[in-house]
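Participant: Pasting in a structure now, in structure tokens, and then I'll have a few things to ask.
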Amino acid sequence: MSDKKYNNDLEEIFFNNKGRLINKWSNYFEIYDRHLNKYRGKEITILEIGVFQGGSLDMWQKYFGPKAKIYGIDIDPRCKQFEKENIEILIGSQSDVNFLNEVKQKIPKVDILIDDGGHTMEQMRVSFDNLIDHIKPDGVYICEDLHCCYWLSYGGGYKRKNSFIEYSKNFIDYINAWNSKQYIFKPNNFTKTIQSIHYYDGVIVMEKRIMEQPKNLMTGIASFDYTVETKQTLIRNTKYVFNKIMQTLRLPWHLYY
């Protein structure tokens, strides 16, 4: 019997796998266990894009337990052979909007969506744009193998406009949109439904939650009156007025506080 120490159960399942082929990068197990451990043993619905050889579906079933209902999407019809109790395979392209709409009609909203599909920039973006709202309000979206965002053969490249990494950088603005003072940038559906974004080497994880605009709160007793007008506050207010004018005129100059 092996005395090898594993960092988590998912890693142990992977390294003791004697069944169907599984392909994962070594740093993924910690990421998955960190964000998905809370779902283990519960009645949940999982959608994984990219069935490959069927091994990862078996891995998820062992990790989450018999109450989990798992759906897989793949363009290869041979993947239907991997169906079994609580695992169903849907055949179609993740970049086909009509097919994705059919998927949303066929399966209930999911707790966990894992995109481990074809990894092209179009596939990542189309899948995200069309399926993010099919994740439950407290669910998790994960996209694997973002290495491909830097590979030309997948339509990626460093700072390339079409890259899914570059596209996802907009999410950072969206999640902070409550703080915008510009009329052209206001909170959107992303702002109101995504609680957090986590970037790792090769992986992005988004955790959903119904969000409201945060409130600035105070408790305790003030030690001194900080509302008195001082030279510093006058300078700060002057800079604010200047920056407001520059913003209105859409000029690049800016004074820092």
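Values in this text are rule-based calculations from the coordinates and carry no lab data. It should be emphasised that the depicted structure is a prediction, and the values quoted were computed from it without experimental measurement. We place every Cβ from the backbone using ideal geometry, glycine too, and count neighbours over all the protein chains shown.
Participant: Students often check this: by mean Cβ neighbours within 10 Å, which of 44-50, 99-105 ranks highest, and how do the rest follow?
Facilitator: So the order, starting with the most tightly packed, is 44-50, 99-105.
Participant: Skipping prolines and chain starts, which residues have an amide H placed within reach, meaning under 5 Å, of the one on Ala68, given they are 5 or more residues away or on another chain?
Facilitator: It is Ile44, by chain and number.
Participant: Can you tell me the orientation of helix 231-249 relative to the chain, as the angle in degrees between its alpha-carbon axis and the longest Cα principal axis, to the nearest 10?
Facilitator: Once rounded, one gets 60 degrees.
Participant: Label points 7 Å out from Cα along the Cβ direction at Arg20 and Leu152: separation in nm?
Facilitator: It is 3.6 nm.
Participant: Starting from the amide H of Ile204, placed 1.01 Å from N in the peptide plane, find each other amide H under 5 Å away whose residue is 5 or more places distant or on another chain.
Facilitator: Cys143
Participant: If you don't mind, there's one more thing I want to ask. Amide H of Glu48 versus every other amide H placed in the peptide plane: which residues, excluding those fewer than 5 positions away on the same chain, fall under 5 Å?
Facilitator: Here the answer is Tyr71, Gly72, Ile73, Ile114, since their amide H atoms fall under 5 Å of that of Glu48.
Participant: I've got another one for you. Can you work out the PRE-style zone for Glu43? Point 7 Å along Cα to Cβ, and I want the residues of the range 85-128 with backbone N under 19 Å.
Facilitator: Residues 85-88, 107-112 qualify, since their backbone N sits under 19 Å from the label point.
Participant: What's the magnitude of the charge dipole for the chain around its Cα centre, counting Lys and Arg as +1 and Asp and Glu as -1 at the beta-carbon? Answer in Debye, nearest 20.
Facilitator: That gives a dipole near 920 debye.
Participant: Next up: Given that just one value was derived from the coordinates, which of [x] 1.14; [y] 1.09; [z] 1.59 is Rg/Rh (Cα atoms, Kirkwood Rh)?
Facilitator: [y]
Participant: Describe numerically, in nm with one decimal, the distance between label points set 7 Å from Cα along Cα→Cβ at Thr238 and at Ser223.
Facilitator: 2.9 nm
Participant: Looking at Phe190, Gly220, Trp178, which one has the Cα that reaches farthest to the positive end of the dipole of the chain (charges on Cβ: Lys, Arg +1; Asp, Glu -1)?
Facilitator: Result: Gly220.
Participant: What spacing in nm lies between the two simple spin-label points modelled at Asn98 and Lys84, each 7 Å away from Cα in the Cβ direction?
Facilitator: 3.5 nm
Participant: Shifting gears a bit: On full extension of the chain, what length is gained from Lys215 through Asn8, given 0.36 nm per residue of separation minus the C-alpha to C-alpha distance?
Facilitator: 70.8 nm
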